[in-house]
Amino acid sequence: MISASADTSATLSRRTMLAGSAAAAGAFTFGFAIPFAGEAMAQGAVKEINAWVVVHPDDKVVIRIARSEMGQGTLTGLAQLVAEELNCDWARVTTEYPTPGQNVARNRVWGNFSTGGSRGIRESHEYVRKGGAAARMMLIRAAANQWSVPAAECSAEKSIITHKASGRSLRYGQVAEAASKLEAPKDVPLKDPKDWTIAGKPLKRLDTVDKTNGAKIYGIDLKMPGMLNAAIKDCPVFGGKVKSFDAAKVKAMPGVTHVVPVGETAVAVVAETWWQAKTALDALPIEWDNGENAKVSSESIAAWLKEGLDAPEAVIGNQVGDAKAAIAKAARVVESVYSYPFQNHATMEPMNATARYTPERCEVWTPTQNGEAALAAASEASGLPIAKCEAYKIDLGGGFGRRGAVHDWVRQVVAIAKQIPGTPIKLVWSREEDMLHGRYHPVTQCKLTGGLDKDGNLTGLHMRISGQSIVAGIFPQNIQNGRDPAVFQGLNPPGPEASIGYGIPNLLIDHAMRNPHVPPGFWRGVNLNQNTIYLECFMDELAHAAGKDPLEFRRALMKNHPKHLAVLNAVAEKAEWGKTLPAGVYRGICQTMGFGSYVAAVAEVSVSAEGKLKIHRIVAATDPGHAVNPAQIERQVEGSFVYGLSAALYGECTVKDGRMVEENFDTYTVLRLDEMPVVETVIVPSGGFWGGVGEPTIAVAAPAVFNAIFAAIGKRVRSVPLKNMDLRKA
């Protein structure tokens, strides 16, 4: 890791950081100025050119990445953007993470550390590119100074600066130290994307080799001298507490060193190895005070949400005209109710962190989507100011939103370490603990009512969403007048983020908030997932009721939504919509917009007489504005369908006696290799904006398949997961 800067004059309270960085990890963006110069960060004999670029004498280029890498490829994409403007030799590029403590000490020179909401590149592309461009300008100026020629007469390519008039050249490494002493340029122009030679190209990822040869260290792998290992059990009922536990029963078990309370709700066993700690924890007698929430079940939650579908109180998210009046005088009215369950992030690597606490210093090593939020959690739990704490990011074995806005496991490990000062403590959650104490995809229901005129045209639509608010559960201070803006993802008025793709003359979309005791979280794709199912499956219902082709029905409503329409047309063309399929194979189509990007999909499925589903092929189109690495976009789209289809077919967390029922992958199933369809990706970057890639296409997985299932068997899929439905033909 980079050594910390000596300047710790910046003052930023942990509560400010908790609110700011955690909110950014969820659904909000905060503006700030990003400087490119500042005091040099010590690198031994090597000085940084600016905060983003370090050039070694041997021409090795280190690009600093503030965002987290969790398999999505952000690390490589951001490095490409910096390297593009730097004009360096890509073969000599490597990366490193600055720490959030250094970011605070340097007035947040690296900006936002949050990696969520598909914002890793789309939110930071401009200032990281300027970091690369500024460094290139400084290197050229250093060479020009050495030659006593104007910098305008010099150029740089592949880490070599050339003065064409005299034929002289210098390597970046030869002038790096001189460049580091120069003042940063104030005017930093950027290249036109059409001139890119590194960005925009399908380059191989920088982190693949270490992942395949075992060199990559994840948080769960971390080892430190003198380290002890902790296993933890929190009350399985949300809101419950520890009533008592008998530490004497396990203190003599092999390897056990400590049995400690963790807040009011959990108990941890600390031992020489994690398995010793877990074995003792399983044997530890714990009596829980489950509280009133033990009376709650999935059935009681569903009944409560059902009441919200017709409740008089609701907050409006999008309104055009008078939908209720239009529906009342429609020639035909179509109405359906859909539902979506709790779902767990189920990251391959469970929550974990290592902490070392002393009264003067608290350090945490953890896989995190937001290093600043992890730092704030460490400060809050330790009681020490930010300046006396540090969090070191480690690559994640999966994030999906779980490791972003909420860092409960960091608070836990610090609470344990405080009771054993000076000793590194590694806390690893068991799979069962991870499943029982997630931050779950919110549970919702949706009633959709549509009115058609005598010609089958949609004249009015009312969508009533009833259910949980993520923002109310994580950032309640951001709820204004009872409204959670994140609830309406994909349903917003026309604009740059998550807007609806249809021009409906009379539209009403509202939300009756119902927040069960189960803690919600930002789950990859967030509310775009269920909202796209609700809207796109209902659009198919309306098309069927109108006697129209599902594609043509949509097109008629999208004349004023050209970017939505463009991806829909692109996917229809690639999938050859309208062309006869093999016997027994049927298509479904859908589209949406979220995380700044436009996406659409066509699924081809068959269903056997016994009701067995086979998804043969999915074609997906995406317009993210700019494609930084087309190969990585294709991988992200394919991975999105793995995650989205797992959720659609199997994802469901149920509540009994106030706690989650599913505790491991034997009951929380994911897609198997033999179930994965062929995925074909069409990238149609239209330019002019920057959209995300990691999350949008998840949302079109389920509705494309569900609409194809209706075409195959004549049954509508209106609830997730599909495993609960009989797919034998109607």
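The values are calculated or read from the model by the stated rules, or taken from the named source; none is laboratory data. Given the structure is predicted, the values throughout are model-derived calculations rather than measurements. Glycine also receives a Cβ, built like all others from the backbone with ideal geometry; neighbour counts cover every protein chain displayed. Protein only, heavy atoms only, side chains kept; ligands, DNA and RNA dropped before computing areas. Shrake-Rupley method; radii C 1.70, N 1.55, O 1.52, S 1.80 Å.
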Answer yes or no: is there a residue in region 690-713 that is charged (D, E, K, R), touching a residue at least 12 places away in the same chain (Cβ under 8 Å) and under 28 Å from V518 (Cα atoms). yes
Take S114 and decide whether it is touching a residue at least 12 places away in the same chain (Cβ under 8 Å), within 26 Å of C389 (Cα to Cα) and polar (S, T, N, Q). yes
Can you name the residue in region 506-533 that is part of a loop (DSSP other than H, G, I, E, B) and polar (S, T, N, Q) and is also surrounded by the fewest Cβ atoms within 10 Å (Cβ to Cβ) among such residues? N515
How about region 322-340: which of its residues are in a strand (DSSP E or B) and more than 39 Å from the chain's Cα centre (by Cα)? R332
Is region 43-56 home to any residue that is open to solvent by 20 Å² or more (accessible area, probe 1.4 Å), over 25 Å from A627 (Cα atoms), assigned to a loop (DSSP other than H, G, I, E, B) and of a type in the set (G, A, S)? yes
Odd one out for T95 among (1) open to solvent by 10 Å² or more (accessible area, probe 1.4 Å); (2) touching a strand residue (DSSP E or B) at 6+ places or on another chain (Cβ under 8 Å); (3) more than 26 Å from A376 (Cα to Cα): (3)
Condition check: in a helix (DSSP H, G or I) and either open to solvent by 40 Å² or more (accessible area, probe 1.4 Å) or over 30 Å from L396 (Cβ atoms) (or both). Does D187 satisfy that? no
So G401 passes all but one of these: (1) open to solvent by 10 Å² or more (accessible area, probe 1.4 Å); (2) closer than 15 Å to N527 by Cβ; (3) in a strand (DSSP E or B). Which condition number does it fail? (3)
What number goes with the only condition from (1) under 22 Å from T347 (Cα atoms); (2) not in a loop (DSSP other than H, G, I, E, B) that N707 does not pass? (1)
Single residue of A373, A378, A417 found to be part of a helix (DSSP H, G or I), over 25 Å from the mean Cα position of the chain (by Cα) and modelled with pLDDT of 95 or more: A417
Within region 370-389, which residues are open to solvent by 10 Å² or more (accessible area, probe 1.4 Å) and either on the phi < 0 side of the Ramachandran plot or among the acidic types (D, E) (or both)? E380, A381, L384, P385, I386, A387, K388
Restricting the search to region 436-465, which residues are in a loop (DSSP other than H, G, I, E, B) and more than 33 Å from the chain's Cα centre (by Cα)? D453, K454, D455, G456, N457
Just give me the residues in region 636-664 being aliphatic (A, V, I, L, M), in a helix (DSSP H, G or I) and open to solvent by 10 Å² or more (accessible area, probe 1.4 Å), in sequence order. V642, L649
Take the conditions at pLDDT 95 or above, surrounded by fewer than 18 Cβ atoms within 10 Å (Cβ to Cβ), within 30 Å of G588 (Cα to Cα) and not acidic (D, E) and apply them to G503. Does it pass? yes
Criterion first (of a type in the set (G, A, S), modelled with pLDDT of 95 or more and under 20 Å from G691 (Cβ atoms)) does G132 satisfy it? no
If you take the residues of region 254-276 that are assigned to a loop (DSSP other than H, G, I, E, B) and within 33 Å of the chain's Cα centre (by Cα), which of them is farthest from A512 (Cα to Cα)? T273
Within region 598-617, take every residue that is under 23 Å from A730 (Cβ atoms) and of a type in the set (S, T, Y) and give me the one that is surrounded by the fewest Cβ atoms within 10 Å (Cβ to Cβ). S608
Yes or no: region 143-166 includes at least one residue that is in a loop (DSSP other than H, G, I, E, B), open to solvent by less than 30 Å² (accessible area, probe 1.4 Å) and among the small types (G, A, S). yes
Starting from region 193-216, take each residue that is over 13 Å from H626 (Cα atoms) and list its partners that are outside any loop (DSSP other than H, G, I, E, B) and of a type in the set (F, W, Y), counting only C-beta distances under 6 angstrom and pairs at least six apart or across chains. I198/W90
Residue, surrounded by the most Cβ atoms within 10 Å (Cβ to Cβ), within region 546-589, restricted to residues that are in a loop (DSSP other than H, G, I, E, B) and among the charged types (D, E, K, R): K548
Exclusive hit being assigned to a helix (DSSP H, G or I) and surrounded by 18 or more Cβ atoms within 10 Å (Cβ to Cβ), set A230, A248, A179, A199: A179
What pairs come out if I take residues in region 420-436 that are over 19 Å from G521 (Cβ atoms) and pair them with residues that are of a type in the set (G, A, S) and buried (at least 22 other Cβ atoms within 10 Å of the Cβ) whose C-beta lies under 6 Å away, six or more apart or interchain? I425/A230; I425/A355; I425/A417; L427/A230; L427/A353
For region 293-327, give me each residue that is open to solvent by 70 Å² or more (accessible area, probe 1.4 Å) and touching a residue at least 24 places away in the same chain (Cβ under 8 Å). K295, W304, K306, E307, D310, E313, I316, Q319, D322, K324
Quick one: which of G596, G611, G521 is touching an Asp or Glu at 6+ places or on another chain (Cβ under 7 Å) and closer than 20 Å to T697 by Cα? G596
Looking only at region 109-127, count how many residues are in contact with a Pro (Cβ under 9 Å, 6 or more places away or on another chain) and either surrounded by fewer than 23 Cβ atoms within 10 Å (Cβ to Cβ) or basic (K, R) (or both). 1
Flagged pairs (Cβ under 7 angstrom, 6 or more apart or on separate chains; first in region 447-473, farther than 23 Å from E313 by Cα; second open to solvent by 10 Å² or more (accessible area, probe 1.4 Å) and of a type in the set (S, T, Y)) are L452/T459; D453/T459
Every residue from region 277-292 that is outside any loop (DSSP other than H, G, I, E, B), open to solvent by less than 50 Å² (accessible area, probe 1.4 Å) and small (G, A, S): A277, A280
Which of the residues that make up region 668-689 are open to solvent by 50 Å² or more (accessible area, probe 1.4 Å) and either of a type in the set (A, V, I, L, M) or assigned to a loop (DSSP other than H, G, I, E, B) (or both)? V670, R672, L673, M676, V678, P685, S686, G688
Collect the residues in region 251-264 that are touching a strand residue (DSSP E or B) at 6+ places or on another chain (Cβ under 9 Å), of a type outside the set (D, E, K, R) and open to solvent by 50 Å² or more (accessible area, probe 1.4 Å), keeping them in residue-number order. M253, P254, T257, H258, P261, G263
